[in-house]
1. So residue 100 fits all but one of (1) under 18 Å from the mean Cα position of the chain (by Cα); (2) surrounded by 10 or more Cβ atoms within 10 Å (Cβ to Cβ); what number is the exception?
2. Please work out if residue 56 is among the charged types (D, E, K, R), outside any helix (DSSP H, G or I) and out of contact with any helix residue (DSSP H, G or I) (no Cβ under 8 Å at 6 or more places or on another chain).
3. Looking at region 52-97, which of the residues that are open to solvent by less than 40 Å² (accessible area, probe 1.4 Å) and among the acidic types (Asp, Glu) is nearest to residue 8 (Cα to Cα)?
4. Return a yes/no flag: does region 69-92 have any residue that is over 13 Å from the mean Cα position of the chain (by Cα) and closer than 28 Å to residue 31 by Cβ.
5. Quick check on my filter: what residues within region 38-47 are touching a helix residue (DSSP H, G or I) at 6+ places or on another chain (Cβ under 6 Å), open to solvent by 20 Å² or more (accessible area, probe 1.4 Å) and under 16 Å from residue 23 (Cα atoms)?
Amino acid sequence: MSLTSAATLATLDRTGPRRITDLAAVEGVTQPAMTALVRVMEESGLVERRGDASDKRVTLVCLTEAGASYVRRRRQAGVHAFERLIGELTGDEVEALVAALPALKHLAELESQDREGPKQ
């Protein structure tokens with residue numbers, strides 16, 4: 001799976017259903033590229049398109065259960081990789097990481113806000 005596909009699934013998991021144009025902007029790709037990507041992910045059973053109850057002209061891209069399961073598995077694999085790597089650090093290095101956690105959390109929040117843009 002491409003990084004853009006994985007990132008798009010993660011965005012849908014975090015933010016819920018989105019328009020293709022919104023996803024394209026968040027992921028930094030063109031609308032035609034996102035349309036093609038969504039089509040491939042839809043054929044793979046990871047996403048589905050649904051109508052927007054508040055605007056019948058709009059189609060939203062939504063995660064399927066298979067897509068949500070993929071995101072969970074990918075995140076869990078990342079957690080296991082970090083656990084293994086952290087286990088190889090010295091005590092002082094682990095303490096330095098713990099001390100840096102508030103700043104790292106803040107950076108992640110800022111990045112998430114920047115990528116998601118304004119909410120609908």
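1. Here residue 100 clears every test but (1).
2. Yes, satisfied.
3. 52
4. no
5. The answer is 46, and nothing else.
Residue-wise test of (1) over 16 Å from residue 1 (Cα atoms); (2) assigned to a helix (DSSP H, G or I).
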position	(1), (2)
25	yes, yes
39	no, yes
51	yes, no
66	no, yes
76	yes, yes
79	yes, yes
89	yes, no
94	yes, yes
112	yes, yes
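The values are calculated or read from the model by the stated rules, or taken from the named source; none is laboratory data. Note that this is a predicted model, so its numbers are computed, not measured. All Cβ positions, even for glycine, are placed from backbone atoms using ideal geometry, and neighbour counts span all protein chains on display. All accessible areas refer to the heavy atoms of the entire protein, side chains included, with ligands and DNA or RNA removed. Shrake-Rupley method; radii C 1.70, N 1.55, O 1.52, S 1.80 Å.
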